[in-house]
1. If you scan region 278-295, which residues turn out to be part of a loop (DSSP other than H, G, I, E, B) and farther than 11 Å from His220 by Cα?
2. Does Thr238 satisfy the criteria of being farther than 21 Å from Glu68 by Cα, in contact with a strand residue (DSSP E or B) (Cβ under 7 Å, 6 or more places away or on another chain), surrounded by 13 or more Cβ atoms within 10 Å (Cβ to Cβ) and of a type outside the set (A, V, I, L, M, F, W, C)?
3. Pick from Leu257, Leu273: which is in contact with a Gly (Cβ under 9 Å, 6 or more places away or on another chain), not hydroxyl-bearing (Ser, Thr, Tyr) and not in a loop (DSSP other than H, G, I, E, B)?
4. Which of the residues belonging to region 154-188 are of a type in the set (Gly, Ala, Ser) and either touching an Asp or Glu at 6+ places or on another chain (Cβ under 9 Å) or at positive phi (or both)?
5. Applying the selection to region 189-239, what residues are at positive phi and acidic (Asp, Glu)?
6. Identify all residues within region 253-272 that are under 21 Å from Pro243 (Cβ atoms) and either surrounded by 21 or more Cβ atoms within 10 Å (Cβ to Cβ) or not aromatic (Phe, Trp, Tyr) (or both); write none if there are none.
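The values are calculated or read from the model by the stated rules, or taken from the named source; none is laboratory data. Only a predicted model underlies this, so the values are computations on that prediction, with no experimental measurement involved. All Cβ positions, glycine included, derive from the backbone under ideal geometry; neighbour counts span all protein chains shown.
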Amino acid sequence: MKIGMNTDSLADMKLDQVLALTERLGIDMLEFCCGNWSTAPHVDLPKLLESDKARREFKAKVKAHGAEICALNCSGNPLDPGERGKLHDQVTRDTIRLAGLMGIEKVVMMSGCPGAPGDKHANWITVEWPAELRDILKWQWNKVLIPYWKDLVKYARRNGVKRLALELHGFQNVYNVATLMRLRDAVGSTVGANLDPSHLFWMGADPLVAARALGDAIYHVHAKDTRIDPLIGATNGTLETTPGMRYQTRSWNYITLGYGHGEQWWGSFCAALASCGYDGVLSIEHEDRMMPPVEGVEKSVALLERTVVNRPRRRKVH
């Protein structure tokens, strides 16, 4: 396994600063965000699409700092029924095309979530009653989600992208093992999972069990932790709409690796991944509002260095 980082973890830093930190910490791989819910602070998507020279220079700069590009990321909602959906779909397709041009075989994204017929906004159905919700969910899957993904899989293959890794995330039609497998069965094995344990924690699933259930459908892993506040969570549950900056009053928060679940848990998680044949990257995604990004990334790298399995040896640059 290799230690990676989603570069949006350091969104306020320039690319050269990110690469210098990557080299200092000995991070093996980088995941670059190209748009949609990311501001793409380190990627000029139009420029890279237009210029072979720019693409070669970008890859060379990353390699010069001892790292590789493991994936591009375009997480968003291309199925949103409003104008946002059209914009997100275009960035999604542009990201896939760029990945093909750069010889990157994996794109990380989310499944998307449509509305109901006639809706102006997306509608995430999380219960099966009242009865009209069943009809909405059936329509979303059969009329929107599956047709869209069948077409996107064909597009990815034409562009040389072999793996579309879907993050199991709230407000998406694909948010757990069962929904990932349902879509995968419908559109083929180009689709797999970006297994991010942080989301499964607050939704009440066990990432260790989920990893074994997904098996070889795990295409990518986000290394991100969640802490559930024992008092607030027990009082209100974990369906949470309190703004993220008010972390003191939320039932759960994303947190730096080890501060929600300790080193022993992360060792067990890496062992579970290894047991199902995963030998890819654990890409740190720092979204802890209580800890500065650089410190959070440093602590996360230190924990993963003690827990990842079968990591190739490399010398840090100081």
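1. Glu285, His286, Glu287, Asp288, Arg289, Met290, Met291, Pro292
2. In short, yes.
3. Being in contact with a Gly (Cβ under 9 Å, 6 or more places away or on another chain), not hydroxyl-bearing (Ser, Thr, Tyr) and not in a loop (DSSP other than H, G, I, E, B) holds for just one of Leu257, Leu273, which is Leu273.
4. Gly160, Gly188
5. none
6. Asn253, Tyr254, Ile255, Thr256, Gly260
Residues checked against (1) among the aromatic types (Phe, Trp, Tyr); (2) modelled with pLDDT under 95; (3) within 24 Å of Phe32 (Cβ to Cβ):
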| site | (1), (2), (3) |
| --- | --- |
| Trp129 | yes, no, no |
| Leu166 | no, no, yes |
| Leu183 | no, no, no |
| Ala193 | no, no, yes |
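Here is a yes/no grid of residues against (1) within 19 Å of Asp151 (Cβ to Cβ); (2) at pLDDT 95 or above; (3) assigned to a helix (DSSP H, G or I); (4) under 19 Å from the mean Cα position of the chain (by Cα):
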residue: Lys59; (1), (2), (3), (4): no, yes, yes, no
residue: Lys63; (1), (2), (3), (4): no, yes, yes, no
residue: Ile69; (1), (2), (3), (4): no, yes, no, yes
residue: Asn77; (1), (2), (3), (4): yes, yes, no, yes
residue: Pro81; (1), (2), (3), (4): yes, yes, no, no
residue: Leu87; (1), (2), (3), (4): yes, yes, yes, no
residue: Arg93; (1), (2), (3), (4): yes, yes, yes, yes
residue: Arg97; (1), (2), (3), (4): yes, yes, yes, yes
residue: Leu101; (1), (2), (3), (4): no, yes, yes, no
